[in-house]
Each structure stands twice: as C-alpha cells, then as structure tokens.
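Accompanying notes for the structure given below.
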Amino acid sequence: MSDASTAASGEGETTDGGEATGAGRLGLEALDEPVPSDEIPEDVPGESRAVDVGDVRLHVVEAGPEDGKLLVLLHGFPEFWYGWHETVAPLANAGYRVVVPDQRGYNLSEKPPAVSDYRIDALARDVVGLIDAYDRETAAVAGHDWGAAVGWWLALHHADRLSEFVAVNVPHPTVFERALRSSWDQRLKSWYVLAFQLPRLPEAVASAGNWRLAARGLRESSDPGTFTDEDLRRYRRAWNRDGAFEAMVNWYRAIVRDRPTPETETVEVPTLVIWGAKDRFLATRLAGQSVERCADGRLLTLDAATHWVVHEEPHRVAEAIAEHADPLPPGARE
C-alpha cells in the first residue's frame with residue numbers, strides 16, 4: 001500500500017486514544033506532521049506507522065509478514081528511512097518483518113530541540129523501544145553510516161536485544177576513535193564533523209540554493225547515476241521540514257560534546273560488516289579492524305561501491321543481510 005494516508009485504517013486498528021493494537025504503535029495522527037500520500041514509492045510494499053519508543057515518537061515504514069523475524073534498518077546522514085527503500089521488497093519477500101524508522105530528528109519523526117537529546121545512548125534506546133513496541137525480545141539490526149554507529153552501540157550495550165547485527169560503512173566506535181587520534185588521513189576525511197560544530201552556519205550553507213551543496217555532496221561522493229532527481233526531491237523535502245536539518249546536525253554536535261566511551265570493546269552479537277571500498281569518508285582498513293573487535297565477525301567488501309553502497313547495490317546488500325540473519329524466527333523451521 002503506497003498511499004500512507006490510508007495506513008492507519010488498515011492493519012493495527014487504532015483505539016479512541018490513537019494507540020494501535022500493537023503496544024507502542026500509534027495511528028498516523030500521532031505524528032507532528034501529516035504523511036505525504038507519496039511518502040512510500042509505489043514499488044515499495046510498506047505502510048507508514050507512528051511508534052512511541054519512550055522519549056519520542058518515530059515515523060516508521062513497516063513491511064513483510066507480521067510473524068516474520070523482526071529486522072530493523074537504520075539509515076544514516078543525511079538520509080531518512082528512504083535510504084533503505086530498494087531493500088525493503090527483497091527483505092520482506094525473504095520473510096522478515098521489516099521496520100525502517102526515520103531516526104529521531106529526521107523527516108517525519110519527532111525532533112527534540114536540545115543537542116543533548118541526540119546522545120548516542122538516547123539514539124540506541126530508541127531502537128530498544130522500537131523492538132519493545134513490536135513485542136519482540138530481539139531483532140536483527142542493520143545500519144548504514146550513522147545507523148551503523150547506533151547499531152554498534154546497541155551491540156555493545158544492549159547485546160541481549162540483538163539477534164544479529166550488520167554494519168554498513170561505519171567502523172566500530174573504538175576503531176574510529178583511534179583512527180581519528182592517530183591518522184591525519186582519517187582526520188582530513190572527517191573534516192565535516194568539526195565544521196558541523198559551528199552554530200547555525202552548517203544549516204544555512206546546506207540549505208542555500210534549494211539545498212544545492214547537500215545534493216551535490218551526495219552525487220559527487222557516489223557512483224554516477226546513484227541519486228536520481230526523484231531521490232533528491234524526496235531528500236530536499238525531508239531536509240526542509242521544520243527543525244529537521246538542525247536536528248540532523250545535532251547528532252554530530254552531541255557526539256563531539258559527549259565523547260562517549262563504550263563500556264566494553266568486544267561485540268558478542270554475530271556481526272557482518274559490509275564495506276564499499278570506494279568510500280571517500282572512511283578508510284577501508286577500518287572495516288577489517290572492526291571485524292577484529294567481534295567475537296563472531298565477518299567482512300564483505302564490495303570493491304566497486306562507495307559509501308552509498310545501500311543505494312548502489314541494494315539487492316546484494318539485502319542478500320548479504322538475509323545470509324547473515326536467518327529470516328525465519330526461532331522454531332519456524334521445525
């Protein structure tokens with residue numbers, strides 16, 4: 001169903017208070033902004049939902065069988081749920097209950113005002129709240145870019161809630177921290193993190209000329225043709241929402257101000273690292289170093305892909321996720 005405005009009247013009927021039959025899942029009226037009728041492309045078999053995860057209400061797109069294994073897909077910067085849109089159909093067809101949120105501050109999800117609202121602990125708790133809202137003990141989680149950073153934190157601090165983890169083009173937090181301290185090459189690649197610490201200027205520069213620089217950044221750092229005009233229309237609409245881009249940049253401000261250190265460095269959750277080797281922002285060696293921090297880790301390097309590998313090779317990424325995380329729930333094969 002591509003018309004998101006009808007989603008609330010279907011599966012998960014709402015009560016008088018607006019709460020859906022699934023705990024924590026709400027009707028779309030719970031969101032601060034209406035969901036556009038074309039929010040979900042016609043070829044994506046998903047529905048929009050509002051979900052109360054504790055501190056905030058998130059807009060999510062859900063697809064696949066209700067009794068399928070829960071798979072949460074986490075987007076990065078400067079995207080929103082749509083960053084995973086080409087993987088939704090193959091993963092739903094594989095049997096997963098696919099849930100793709102706009103993470104806090106992005107697109108249609110709630111946008112808390114303070115920088116401190118975007119600390120990594122809070123971002124990880126949102127995903128735990130999402131798993132709770134679907135009445136599951138565990139979920140498989142795959143994240144790209146900032147979504148992978150949230151996923152690493154989940155795997156290190158909420159390992160009991162993850163069945164498997166897939167990190168796409170962002171390294172283990174200890175590996176990244178050490179690279180920033182020891183490598184001028186990686187510091188130069190990450191220059192924008194410091195630029196985002198300035199107040200108001202990043203938002204003003206990015207939005208100038210109908211988001212000219214933001215759109216150009218996506219196209220210049222990806223393979224030609226990766227981001228279509230239609231993709232960029234959707235991204236501009238998401239960036240243009242009141243308070244959205246400031247909230248997105250606040251993720252970077254919070255990580256620099258907070259400087260969190262994980263409680264443990266070894267990831268016990270079975271982990272697959274997928275890496276586009278032509279990433280302009282992160283050195284490829286960080287992928288292998290991240291796998292070394294995992295008790296049960298594997299690396300899949302896609303030599304022709306860039307940082308935007310989920311867009312460039314969505315079916316290969318979906319296939320790798322399904323190979324790593326059995327799409328059938330425990331006991332379903334008996």
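The values are calculated or read from the model by the stated rules, or taken from the named source; none is laboratory data. What you are looking at is a predicted structure, and each value in this text was computed from that prediction instead of being measured. A quick note on method: Cβ atoms are made from the backbone with ideal geometry, for glycine too, and the neighbour counts reach across all protein chains shown. We work out accessible area using only protein heavy atoms, side chains counted, and drop any ligands, DNA or RNA first. Shrake-Rupley method; radii C 1.70, N 1.55, O 1.52, S 1.80 Å.
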Looking at segment 213-226, which of its residues are touching a helix residue (DSSP H, G or I) at 6+ places or on another chain (Cβ under 9 Å), assigned to a helix (DSSP H, G or I) and open to solvent by 30 Å² or more (accessible area, probe 1.4 Å)? LEU213, GLY217, ARG219
Report whether or not ARG241 is of a type in the set (Lys, Arg) and in a helix (DSSP H, G or I). no
(1) within 16 Å of ASP126 (Cβ to Cβ); (2) of a type outside the set (A, V, I, L, M); (3) touching a residue at least 40 places away in the same chain (Cβ under 8 Å) all hold for HIS85 apart from (1)
Consider SER48 against the criteria (1) outside any loop (DSSP other than H, G, I, E, B); (2) open to solvent by 10 Å² or more (accessible area, probe 1.4 Å); (3) of a type in the set (S, T, N, Q): it satisfies all of them except one. Which criterion is unmet? (2)
Subset of segment 254-291 (residues that are under 20 Å from the mean Cα position of the chain (by Cα), of a type outside the set (A, V, I, L, M, F, W, C), farther than 30 Å from PRO199 by Cβ and assigned to a loop (DSSP other than H, G, I, E, B)): PRO270
Please find, among SER222, SER182, the residue that is polar (S, T, N, Q) and modelled with pLDDT under 95. SER182
Tally up the residues in segment 276-288 that are closer than 22 Å to THR264 by Cα and open to solvent by less than 70 Å² (accessible area, probe 1.4 Å), please. 3
Scan of segment 51-70 for residues that are open to solvent by 10 Å² or more (accessible area, probe 1.4 Å) and either of a type outside the set (Gly, Ala, Ser) or not in a loop (DSSP other than H, G, I, E, B) (or both), ordered by number: ASP52, VAL53, ASP55, ARG57, PRO65, GLU66, ASP67, LYS69
Among (1) out of contact with any strand residue (DSSP E or B) (no Cβ under 9 Å at 6 or more places or on another chain); (2) open to solvent by 50 Å² or more (accessible area, probe 1.4 Å); (3) touching a residue at least 24 places away in the same chain (Cβ under 8 Å), there is one condition GLU292 misses while meeting the rest; what is its number? (3)
